[in-house]
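A short worksheet on the structure shown next.
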C-alpha cells in the first residue's frame, strides 16, 4: 500500500531558526485516501538531514477531531528547533495504533526548509569546523594555559552513529559526535550542541563540452580505409574510379581538442531506386559513438531537449497543480525570446519534460530564468529531495533552480511553481539540466546544435545516394 505525507493546501513549507509558533498542517493518506488518525495511540514526527536521523517530537492528538480527516498540526518545540542550522530537512511521521506502526510517507521523506533569522547574521556566530580540527584546536589551546585548579570542561570521547548509541551515563562535559552533531553530557542528560563540519570545498574545474561540429566530404576507391586527401565542405560527386563517398564529422571540444567520426556510402548503378536504411544509419557505430560523446559530455552540457521552447511544448507536458487549474501558454517576451506563461491557484503548477536520460545516480543542477508572481516548488527531478536556490522577481528575470541527486538513469524533469496569496502568474524561459552542483549559463543540447547547423548537408548527402530524410 502506498502511504503519502503532504503539506495541506496553503500551509507553509518553511520555518525560521528559533520560531516555535509557526504551524505545519500535514495530511496522511493511504492509497490516496485520508487516514483516520483519531484512533492512533501516538503520533511522532521524526526529523533528519542528508546525513541521517537527527531528532523526534511527539504530536498532540487532542485536536484531531476538529480537523479534516487525515490532517494534523505540527509546531516545533523550542528544544526540537534549537541549534538547527539553515538548510533543507526531511520529515517522517510514525503513527502507532492497535494494528502496529505505520510510517508516512512510504517513499522519500517530506522536505521542509529552515531559513535564517536576523541573529544568524550577527557577529557572535561561531564558525563550524571539522571534528578532528576541533579536537586539535582544543588540545593546543589547553597546552598553552597555565595549570590551575581542577575543573569540569569539554572532553570529546569519540564518535557514534546514532543518538541511541550514546552511553546511558557519562561524566559532566563528556562529548560524542553523532553523524555531524556534537552531543555533550550536561546536568545528567545529553544535549545537542549543533553541527560540526568543515567549510565547503573549492569549486571544481569547468568540465569539457562540445563547442561546435564540422561536416566534410571526400570520395575514395576504398570502402574500409578513410581517405587522406583534401576534405571538402560540400558534397563531392562519386566517379567510376572513386565510387565511395566518405563523410567526416569533427567534434570540437571547449578545451581545444577534437575527435573525428566517419561514415562511408556508395552510389549504386542506375537501375532500381534504392532505399536508405535509416535504422541502420542511426545504429551505425559512428553515430552511436557520436551520441555517447554527446550524452557523456562533462559539466555544462544541457541534457534537456527544446529547453528554449523554440518548438513550443515539444517534449514537454503540463502539470495541473493542486487545484488542477494550471494553464501553460507559449509566448514571446519583450526580449524576443520564446517563453512559457504559467498561471494557476494551486501548488506545484507548471510543466515537465519526460523522460530525461543521463548517467545513473549523478548529482544534477536544474535551473530556469523566471519572473512574475510565484515561488519555486521544484526545478529538477520529481520525487527527489532538492536544495532550492534563487527567488523570483516580479519585475525582471532571475535564475532559480535546485540541486538534486537522480534516482535512476531516467527521470521526469519538472518546473513547478507555487502561488503567492493564491495567485501564480509567472514567465519562465531557458531551462537547463546539467551534471554537477553548479548552475552555468544556458546553452542548447549538443544534439540540437548538430541538427540545426548540419541538417541540410546530411539531407543532401542522403538524397544524393537515392534516399530521403524527412
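Which members of the stretch 58-83 meet the condition of being in a loop (DSSP other than H, G, I, E, B) and either modelled with pLDDT of 85 or more or more than 16 Å from residue 13 (Cβ to Cβ) (or both)?
Here is the first cut: in the stretch 58-83, the ones in a loop (DSSP other than H, G, I, E, B) are 60-63, 67-70, 76-77, 82-83.
Hits for the stretch 58-83 are 60, 61, 62, 63, 67, 68, 69, 70, 77, 82, 83.
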Examine the stretch 118-133 for a residue that is exposed (fewer than 13 other Cβ atoms within 10 Å of the Cβ) and modelled with pLDDT of 65 or more, and state whether such a residue exists.
yes
Of the conditions (1) touching a residue at least 12 places away in the same chain (Cβ under 8 Å); (2) not in a strand (DSSP E or B), residue 336 clears all except one; give me its number.
(1)
Can you find a residue in the stretch 48-55 that is within 23 Å of residue 9 (Cα to Cα) and in contact with a strand residue (DSSP E or B) (Cβ under 9 Å, 6 or more places away or on another chain)?
no
Out of all the residues in the stretch 162-172, which are assigned to a loop (DSSP other than H, G, I, E, B), free of Cβ contacts under 8 Å to residues at least 40 places away in the same chain and within 26 Å of residue 50 (Cα to Cα)?
166, 167
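With respect to residue 224, is the statement that it is at negative phi, out of contact with any helix residue (DSSP H, G or I) (no Cβ under 8 Å at 6 or more places or on another chain), modelled with pLDDT under 90 and in a strand (DSSP E or B) true? Steps first, please.
Working: at negative phi: yes; out of contact with any helix residue (DSSP H, G or I) (no Cβ under 8 Å at 6 or more places or on another chain): yes; modelled with pLDDT under 90: yes; in a strand (DSSP E or B): no.
No.
Could you say whether any residue in the stretch 91-107 is part of a loop (DSSP other than H, G, I, E, B), under 20 Å from residue 12 (Cβ atoms) and not assigned by TED's automatic domain parsing to the domain that holds residue 377? Break it down stepwise before answering.
So the first thing to find is which residues in the stretch 91-107 are part of a loop (DSSP other than H, G, I, E, B), and the list is 98-99, 105-107.
Subset that is under 20 Å from residue 12 (Cβ atoms): 105.
Checking the rest, the ones that are also not assigned by TED's automatic domain parsing to the domain that holds residue 377 come to 105.
Within the stretch 91-107 (the criterion being part of a loop (DSSP other than H, G, I, E, B), under 20 Å from residue 12 (Cβ atoms) and not assigned by TED's automatic domain parsing to the domain that holds residue 377), the answer is yes, since at least one residue qualifies.
Residue by residue through the stretch 313-322, note down the ones that are in contact with a strand residue (DSSP E or B) (Cβ under 7 Å, 6 or more places away or on another chain) and surrounded by 15 or more Cβ atoms within 10 Å (Cβ to Cβ).
Within the stretch 313-322, the subset in contact with a strand residue (DSSP E or B) (Cβ under 7 Å, 6 or more places away or on another chain) is 313, 315-319, 321.
Matches in the stretch 313-322: 313, 315, 316, 318, 319, 321.
Looking for something at positive phi, in a strand (DSSP E or B) and in contact with a strand residue (DSSP E or B) (Cβ under 8 Å, 6 or more places away or on another chain) - is there at least one such residue anywhere in the stretch 427-449? Quick ask: steps written out before the conclusion?
Within the stretch 427-449, the subset at positive phi is 430, 436.
Subsequent filtering for residues that are in a strand (DSSP E or B) retains 430.
From what is left, the residues that are in contact with a strand residue (DSSP E or B) (Cβ under 8 Å, 6 or more places away or on another chain) are 430.
Yes: the stretch 427-449 contains one or more residues that are at positive phi, in a strand (DSSP E or B) and in contact with a strand residue (DSSP E or B) (Cβ under 8 Å, 6 or more places away or on another chain).
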On the given criteria, is residue 336 buried (at least 20 other Cβ atoms within 10 Å of the Cβ) and at positive phi?
no
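The values are calculated or read from the model by the stated rules, or taken from the named source; none is laboratory data. Computed from a predicted model, the values in this text were never measured in an experiment. Counting neighbours? That spans all protein chains shown, and the Cβs are built from the backbone with ideal geometry, glycine included.
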